[in-house]
Amino acid sequence: MEYLKDLLLNIFIICSPLALYPYIYKAKNNTLLYRLCLAIPFSLAIITTMSFPISINGLIYDFRSIPLAIGSLFGGIQVSIFLYATLLLYRYFQDSPNDLLYVLSILPSFAFFVFFHKSYSSLSLSRKITVAIIYCTLIKMVTFGIYLSFTGLLELLMYKPWATVQTYVLQGFIVGVSVYVIEMQHRFFMMQEEIVRSEKMKIVGDMAASVAHEIRNPLTTLKGFIQLFATADLDKDKRILYQKVCFEELDRAESIIADYLSLAKPDPEIVEAIDIHQEMHYLANVLMTYANYNNIQIQVMTEEEQVFHIQGDRYKFRQALINIGKNAIEAMQNGGLLELKTIIRDNHAWVILSDNGSGMSTEQMKRLGTPYYSTKEKGTGLGTMVSFGIIKKMNGKITIKSELGEGTEFNLIFPKAN
């Protein structure tokens, strides 16, 4: 049990840098930081393994060569030098005998590292494991061989040979597992990065296709009506109608471009205190004409007895609310009621926009606010996405309640301005 306890302790010490590897990997773009993040955990593992040796059949043994080998192979020349220096300095502070002789004994293993390191990163997983086991074994064998030769105790190499073989087999197993874990983590992170790159390229491609498609539609309409203007017998009424359609299509193209520009620059430009109650009345006034045209009534209910300010860009905030309000009006194709409310509670303001329109399914609510998704036939989905982005930039939260045929309720929750 004593042996097992010491063995598990050493394995835990050796594996501790592996648990930190996900965080170490994130620093790989900063070479100096990456090397430092590798050197410190592995050097601590060396110190700790040297402090807690184990006894196998009477043979005192420690696993210092394992973190030394793994840290060197994955960290490079600079990390390896740091680890070797750590080992030698800690041995010196332990008051171990023959310090200079031990330095001369361990130096050849550094030469082996230089030889292995040149091609280590390009090897397959199985070869990396094999090289790491060989290098770790050579560190121990060569250092012991030279050291014991100089001290006249070479016969100790054959002392309890079966116990010695056990230690090397156990050491090789731990090294193999450690390298396998690091490589699997490395591959996993590379796969994640590749997925992110693919998603970014897909978004760029979708964005380009969406721009081309959305702008082409009004341009195609304009092209057709411009050709009709060339008709010799075109009467005045039709000319006025065609002109109106052309202006409407130009406005639609301009609106699409504005959505893309807002998507590219959603950050607040001017941060100020915004009176939430005043903004609701402003929103009602802006939407009034559009609501009357669609036979929609607007009802405003605010808790104006409680003065409340939120923080953000007033014009961006208005843009977000107007977009959500217009969508609510367009969802009520046969007329209806748009309710605008403010509720003050626990230093937060609830801005509620509710309609009794067509409503949305659970799947539609999940996709709302994502690129290129819209419940409207000619919508791009970018306006809603921009609005949600503005609200979140203002530290706001968005919840949506909706049922098909029953209507939709948007709850926008904002913290009080500092």
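No value in this document is a laboratory result; all are computed from the given coordinates. Everything numeric here is computed off the predicted structure, so don't read it as measured data. Here Cβ is always computed from backbone atoms with ideal geometry, including for glycine, and neighbour counts include all displayed protein chains.
Brief remarks on what is shown
- Only Lys, Arg (+1) and Asp, Glu (-1) charged, at Cβ; the chain dipole about Cα centre in debye: 1400 debye
- Charge dipole (the chain, unit charges on Cβ, about Cα centre) - positive-most of 352, 334, 83: 83
- Förster radius 41 Å - calculated FRET efficiency between residue 127 and residue 52, Cβ distance, rounded to 0.05: 0.80
- Loop chymotrypsin sites (Phe, Trp or Tyr not before Pro), region 93-125, which have at most 13 other Cβ atoms in a 10 Å radius of their Cβ (DSSP): none
- FRET efficiency estimate (nearest 0.05) - Cβ-Cβ, residue 347 to residue 114, R0 51 angstrom: 0.20
- Residue with peak Gaussian network fluctuation, the chain [Cα springs, cutoff 10 Å], from 185, 171, 306: 306
- Taking Cα centre as origin and charging only the Cβ of basic (Lys, Arg, +1) and acidic (Asp, Glu, -1) residues, the dipole magnitude of region 2-196 rounds to 380 debye.
- Computed P(r) (all Cα pairs; the chain; 10 Å bins; percent): 4, 16, 18, 12, 9, 11, 12, 10, 5, 2, 1, 0
- Within-14-Å neighbourhood charge of residue 247 [Cβ basis; K, R +1; D, E -1]: -1
- Ellipsoid semi-axes for region 272-415, based on the Cα gyration tensor and the rule √(5λ), read 23, 18, 14 Å when sorted largest first.
- Computed from Cα atoms, the angle from the helix 99-120 axis to the main principal axis of the chain rounds to 40 degrees.
- Subtracting the Cα-Cα distance of residue 181 and residue 219 from 0.36 nm times their residue separation leaves 8.0 nm of extension gain.
- Against the chain, whose longest principal axis comes from its Cα atoms, helix 314-331 is set at around 70 degrees.
- Positive-pole candidate from 212, 384, 32, dipole of the chain, charges at beta carbon: 32
- Under DSSP loop assignment and at most 15 Cβ neighbours within 10 Å, longest GluC sites (Glu not before Pro)-free interval of the chain: 1-268
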